[in-house]
Amino acid sequence: MSVIYVILTVSVIVGIAFFIVFLFAVKSGQYDDSYTPSVRMLFEDELVKDETKQSIKTKTD
Amino acid sequence: MSQTPCYHCGDPCDSSSVVYKKKTFCCNGCKTVYEIFSEHDLTCYYDFENSPGATPKEIEGKYDFLNQENIIEKLTEFRSETTEIANLYIPHIHCSSCIWILENLSKLDKGIIDTQVNFGKKTIRLTYNPQDTTLKSIVLLLNRIGYEPYISLEDFGSKGSHINRTLIYKLGVAGFGFGNIMFLSFPEYFEIQEFWLEQYKHLFRWLMFALSLPIVFYAAQDYFVSAYKGLKAKILNIDVPIALGITVLFVRSSVEIALDLGSGFFDSLAGLVFFLLLGKFFQQKTYQFLSFERDYKSYFPIAITKIESSGSETTIQVYDIKKGDRLVIRNQELIPVDAILINGKAKIDYSFVTGESQAISKVSGDKLFAGGKQTRGVIEIEALKSVEQSYLTQLWSNDVFSKNKEEGFTNITNAISKHFTLTILAIAIIATSYWLIVDASKAMNVFTAVLIIACPCAIALSAPFTFGNLLRIFGKLKFYLKNASVIEQLAKIDTVIFDKTGTITSNASSTATYDGEDLTETESLVLKNSLRSSNHPLSRTLYQLLKEEGIVTLDNYKEHIGQGIEASHDAINLKIGSASFVGQTTTANTLNTTVHLSSNNQYKGQFTFYNGYRKGVSKLFNQLKSFYDLVILSGDNEGERDNLKKLLPAKTKLIFNQKPEDKLQFIKYHQEEGAHILMVGDGLNDAGALAQSNVGIAISEDVNVFSPACDAILDASKFKQLFQYIKATKSAMRIIKWSFILSFLYNVIGLYFAVTGQLAPVVAAILMPLSSISIVVFTTVCTNFLGKKLE
């Protein structure tokens, strides 16, 4: 039943991998500003919508 | 039509409004911004929020210093041939439209590679190609669209400011360990004598041991350091029992697994550290866009125009100003050094320094002090000292500015911790001695169990969560505290000292009413236009208060110094000034300043100025008077004494003619007599008093702009709520005391298991998180309830 060693090794490696990702995320400054990204996220759609609106406008003009 | 808000900035549009593409703008500046945006398909800006913009200001020549290599060097974070990165502080950032337009800045200037907004800090991070554009042109562009960056001496050399992220790392380590240890210890909770479990439990235990190492030696190290420092200073702070608990947990667990006695308490250990760090993190609410440590550096410009002996103008850094240098100060620029006025008419606004809003006129040869703002035209000055030696900047060499107020203050948690620690040690010793007699094999077990279960996790969490939550609630109510210990200090206050000008009076809301005959249309027109020409403070105030009129050329205009002004236009001869000047015998009302008016030598009426005291001052003082000693400490003369006596409760002490240094000494003297002082002030002249007092609150009309170093910033609109806020801090202290009682109950239950020698890991693993979580819930619910009452 040594498969449990394999499973444990895998789970520990996965855990540590995520932990390292977390460390990099903190280091890159992802947690420094927790507000702006939540607003920025919504902009992409608005921009596209605006462009389509514009093209419709130019057609009707 | 007159009420239509400007499409760009939202200000009401008056007669001078501009209509462009069916949209109304209050001025040409706002229209221009709209034009710029519409040319570049950026009108989306107006879709996110209504009227998000700001009117651009005149800035001729203001940013010339950005041409200088050495200044760009200081302001940029990274420089290479093709890329430069700079961070700019933009106070106007306030909504999602701001983020959007600033992050689309590259559409307005092709040289900009990328901009990233930090909304919390109100900063943008600019990446641009210096071959296609310059920092100066970007700053000018920002100004053109109403987002003027604020560049001060503070930015100088502060590049790459280090952000402390250790707590997040520690929380991450503890959380990672806590989660994994929980999973690994789960099978053993149920102690099923199962074959596979028996087989692998050693492996599981050693894995838990490995995971707990970084928790004990990295994540929890602050507690050991703090406990050591406390013991060295002979203080039993809360970190002493915590450090003791962690040590005992770790040592006992390691011994247990090494000798195969049991599974240890690694889960409780990890949970304890994780919850404690979580509390710390929660309390660490910071208002990134506010600065509580401001000194003169954040007020001063970074560079200034110097006139060389040859007559040419160059830009030099403020620190490079030497005695004898000739400098040019433009309109709205700050005088950085003590100087003598050489050329031009100076109109200096010392409100930064004194809180006094009315500008003072100076003529050639007069001495000017650093910190004043020129408000009219261009002047030329000669520096008398260097920046560091000027009168204003020297105030900062006083020791109060380097003193940490938290030192020497025993907070509620540490106050209780002393008794708590001694009690626990006593219980541990008594229980151990008992077991030594009854069953010596269990003695060690009981001793460690008592220390483990008594580890004051719940007590240590009470204050952070109560204060942390209250900080957030206050923040929403525009009362921004520097840190949690301010709440505790505020609850202990027994004396409240107010500055007068700018604190209980408001700079903006000086009002005037008109009594007398109605003025004809032409008379109003002439009145407004004659006031326009006058520079007398009262004229300026009245001019601001009267409604917009057209501009006409006066046929005749004369200012009689000390009396009033005389102006004529279209057969109307208007006299504005003192009662005797317009030919009226003095009226009964002498308390308030009045300006009288006559038209063609016929008396028309008077404007009465009301001292712009903030709304609710009287009410606030009456609420405060039964609990606190009240003092008004003013830098002004006694002119307002009678007025204040009427307005404020009789027991309020009124002290006038106080220099900044006097204010500081006054507070120091009373503190030595045992008073706990709350100082409420605004200007830089209060900076010393704010620093010396137990709690210094700065009142600010606009929290994004300036306030001196202080413990808390209160938005001026919430001034009348001050009493409620202080009361809330007292309730918060009560909540903490209740949660202490709650956590003692948990400790008693836990101690029962510990003393009787039956503390199983699973009991500790249930009791510890349960007590912590219920304390968090209790304090959060209570403070939210408190917050509801405040709103």
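Structure notes:
- One residue stands out in the stretch B:422-438 among those that are open to solvent by 90 Å² or more (accessible area, probe 1.4 Å) and hydrophobic (A, V, I, L, M, F, W, C): the one that is farthest from B:I235 (Cα to Cα), namely B:I437.
- Among the residues of the stretch B:279-320, those that are modelled with pLDDT under 70 and open to solvent by 60 Å² or more (accessible area, probe 1.4 Å) comprise B:K285, B:T286, B:Q288, B:E293, B:K297.
- Of the residues examined, B:I124 is one that is open to solvent by less than 10 Å² (accessible area, probe 1.4 Å), within 12 Å of chain A (Cβ to nearest Cβ) and under 23 Å from B:V33 (Cα atoms).
Every residue, every condition in (1) modelled with pLDDT of 85 or more; (2) open to solvent by 10 Å² or more (accessible area, probe 1.4 Å); (3) of a type in the set (D, E, K, R); (4) over 25 Å from the mean Cα position of the chain (by Cα), yes or no:
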residue	(1), (2), (3), (4)
B:L630	yes, no, no, no
B:S634	no, no, no, no
B:E638	no, yes, yes, yes
B:K651	no, yes, yes, yes
B:I655	yes, yes, no, yes
B:P660	no, yes, no, no
B:Y669	yes, yes, no, yes
B:I677	yes, no, no, no
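- Check on B:E148, charged (D, E, K, R), at pLDDT below 85 and assigned to a helix (DSSP H, G or I): no
- Selection from the stretch B:704-725 of residues that are crowded, with 21+ Cβ neighbours inside 10 Å and of a type in the set (V, I, T): B:I713
- The set of residues from the stretch B:321-336 being modelled with pLDDT under 80 and open to solvent by 60 Å² or more (accessible area, probe 1.4 Å) comprises B:N331, B:Q332.
- When the stretch B:22-37 is filtered for residues that are open to solvent by less than 30 Å² (accessible area, probe 1.4 Å), out of contact with any Phe, Trp or Tyr (no Cβ under 7 Å at 6 or more places or on another chain) and either more than 27 Å from B:A303 (Cβ to Cβ) or at pLDDT 75 or above (or both), the ones remaining, listed by number, are B:C26, B:C30, B:V33, B:I36.
- Of all residues in the stretch B:252-284, exactly one satisfies the criterion of being touching a Cys at 6+ places or on another chain (Cβ under 9 Å) and hydroxyl-bearing (S, T, Y), namely B:S268.
- Pair list, Cβ < 9 Å and 6+ apart or interchain, from the stretch B:454-474 residues that are touching a residue at least 12 places away in the same chain (Cβ under 8 Å) to residues that are among the acidic types (D, E) and open to solvent by 10 Å² or more (accessible area, probe 1.4 Å): B:A460/B:D239; B:I473/B:E791
- Any hit, the stretch B:768-777, residues being open to solvent by 70 Å² or more (accessible area, probe 1.4 Å), within 25 Å of B:R252 (Cβ to Cβ), in a helix (DSSP H, G or I) and of a type in the set (A, V, I, L, M, F, W, C): yes
- Any hit, the stretch B:43-52, residues being at pLDDT 75 or above and more than 26 Å from A:D33 (Cα to Cα): yes
- Subset of the stretch B:736-765 (residues that are open to solvent by 20 Å² or more (accessible area, probe 1.4 Å) and over 22 Å from B:G264 (Cβ atoms)): B:K737, B:W738, B:I741, B:L742, B:F744, B:L745, B:V748
- Of residues in the stretch A:24-36 being outside any loop (DSSP other than H, G, I, E, B), of a type outside the set (F, W, Y) and more than 7 Å from chain B (Cβ to nearest Cβ), the one most open to solvent (accessible area, probe 1.4 Å): A:K27
The values are calculated or read from the model by the stated rules, or taken from the named source; none is laboratory data. Remember, it's a predicted structure, so these values are computed and weren't measured experimentally. Neighbour counts run over all protein chains shown; Cβ positions are idealised from the backbone, glycine included. For the accessible areas, the whole protein counts, side chains as well, though only heavy atoms, and no ligand, DNA or RNA atoms are used. Shrake-Rupley method; radii C 1.70, N 1.55, O 1.52, S 1.80 Å.
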